[in-house]
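Colleague: Right, I'll just put the structure down here and ask away after.
The values are calculated or read from the model by the stated rules, or taken from the named source; none is laboratory data. The structure presented is a predicted model; accordingly, all values stated were derived computationally and were not measured. Quick reminder, even Gly has a Cβ in these numbers, built from the backbone with ideal geometry, and neighbours come from all protein chains shown.
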Amino acid sequence: MAANDIATSTKVDPVVLRKLFTRAKAPSGPPGSRAYAIGDVHGRLDLLEELLGLIEADNRRRPAAKTYLVLLGDLIDRGPDSAGVIERFVANPPRWARRVYLQGNHEEFFLNVLAGREQTVGNWLTYGGYECAASYGVSQGATLNATPAEIVELLRKAVPASHVEFLENMADSFRFGDYLFVHAGIRPGVLIDEQSQHDLRWIREGFLDCGDDHGVIVVHGHTIVDKVEQHPNRIALDTGAYRSGVLTAIGLEGAERWFIEARAAAPAETLGSALAG
């Protein structure tokens, strides 16, 4: 093939590429590696602690491997202990695995508030921010008659710098062999390396209803499902822990795939819409 032919081939639309090539084997993680990914925690420290224990025990039962633990984002808001969830990973991270923390739309929202973007305060409070603020000692009563600027100042005083640094350093995606871990999803037809940060954290329409082969199996949270959904091109892991009392993880090694869940004794009170994410 001539040099100019190679240059031309790199411009082929990714949708065309998906039609030209089909998956020759079952999706697989990289050799000698194992990954666990946890869906949206949303302040449920109780379920997180239980699930981390179950995952660690599962990992010990299996042959030694390079092990990754991936958090798919939305660690905060809605549930009762956002501050406790973040502190768990800041002060006592699971040292039996390489840790990957992905930023969800709720972390983005919270960081925007802390950065002083006052126009975001009202929406953040409505979609789980009241519970997050309370976990840092800023009660709903304190925010009730406060201006957005005053709320920002209260939060800045209450949230430790180590928590802000943790949130700011979260990644947007993590590739594991034939799998791609993200918070929300990807934009079909766009190369993986060219995905926008907004889509990785927020997308629903255009991704959830797309049956195309993306070239990877996308493992995501963000959109609540009654139970884990396995599609040919994606796996949905957000089982609505803050309201259902069920927090779910996936395990991946080679071509093997399995699920682990922590389940509360009784479901939490339903808060907000199932699609609020």
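Colleague: What's the number of the condition ARG204 fails, among (1) under 30 Å from ALA91 (Cβ atoms); (2) touching a His at 6+ places or on another chain (Cβ under 8 Å); (3) among the basic types (Lys, Arg)?
Modeller: (1)
Colleague: Of these, TYR101, TYR68, which one is touching a Lys or Arg at 6+ places or on another chain (Cβ under 6 Å), outside any loop (DSSP other than H, G, I, E, B) and farther than 17 Å from THR239 by Cβ?
Modeller: After applying the criteria, what remains is TYR68.
Colleague: Next up: Need pairs with beta-carbon distance below 8 Å; first residue farther than 25 Å from VAL218 by Cα and within the stretch 45-74, second of a type in the set (A, V, I, L, M) and modelled with pLDDT under 95; sequence gap 6+ or separate chains.
Modeller: If the second residue must be of a type in the set (A, V, I, L, M) and modelled with pLDDT under 95, the pairs left are ASP46/ALA264.
Colleague: Give the residues of the stretch 255-268 that are farther than 14 Å from LEU52 by Cα, at pLDDT 95 or above and buried (at least 16 other Cβ atoms within 10 Å of the Cβ), sorted by residue number.
Modeller: ARG257
Residues are listed down the side, and each one gets a yes or a no for (1) surrounded by 14 or more Cβ atoms within 10 Å (Cβ to Cβ); (2) over 30 Å from ALA149 (Cα atoms); (3) among the acidic types (Asp, Glu); (4) within 12 Å of the chain's Cα centre (by Cα):
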residue: ALA65; (1), (2), (3), (4): yes, yes, no, no
residue: LEU72; (1), (2), (3), (4): yes, yes, no, yes
residue: ILE76; (1), (2), (3), (4): yes, no, no, yes
residue: GLY79; (1), (2), (3), (4): yes, no, no, no
residue: VAL85; (1), (2), (3), (4): yes, no, no, no
residue: ASN92; (1), (2), (3), (4): no, yes, no, no
residue: VAL100; (1), (2), (3), (4): yes, yes, no, yes
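Colleague: Looking at (1) touching an Asp or Glu at 6+ places or on another chain (Cβ under 9 Å); (2) in a helix (DSSP H, G or I); (3) touching a residue at least 24 places away in the same chain (Cβ under 8 Å), which is the one condition that is false for PRO94?
Modeller: Here PRO94 clears every test but (2).
Colleague: Additional query: Here's a check for you: in the stretch 102-125, which residue that is polar (S, T, N, Q) and in contact (Cβ under 8 Å) with a residue 40 or more places away in the chain is surrounded by the most Cβ atoms within 10 Å (Cβ to Cβ)?
Modeller: Kept after step one, since they are polar (S, T, N, Q), are these residues of the stretch 102-125: 103, 105, 112, 119-120, 123.
Next, from what is left, pick out any that are in contact (Cβ under 8 Å) with a residue 40 or more places away in the chain: 103, 105.
On the way: GLN103: 25, ASN105: 21.
By that ranking, first place goes to GLN103.
Colleague: When the residues of the stretch 142-156 are narrowed to those that are of a type in the set (A, V, I, L, M, F, W, C) and touching a residue at least 12 places away in the same chain (Cβ under 8 Å), which ends up farthest from CYS132 (Cα to Cα)? Break it down stepwise before answering.
Modeller: First, the residues of the stretch 142-156 that are of a type in the set (A, V, I, L, M, F, W, C): 142, 144, 146, 149, 151-152, 154-155.
Next, only the ones that are touching a residue at least 12 places away in the same chain (Cβ under 8 Å) stay: 142, 149, 151-152, 154-155.
On the way: ALA142: 13, ALA149: 17, ILE151: 13, VAL152: 13, LEU154: 13, LEU155: 10 Å.
Per the stated criteria, the residue is ALA149.
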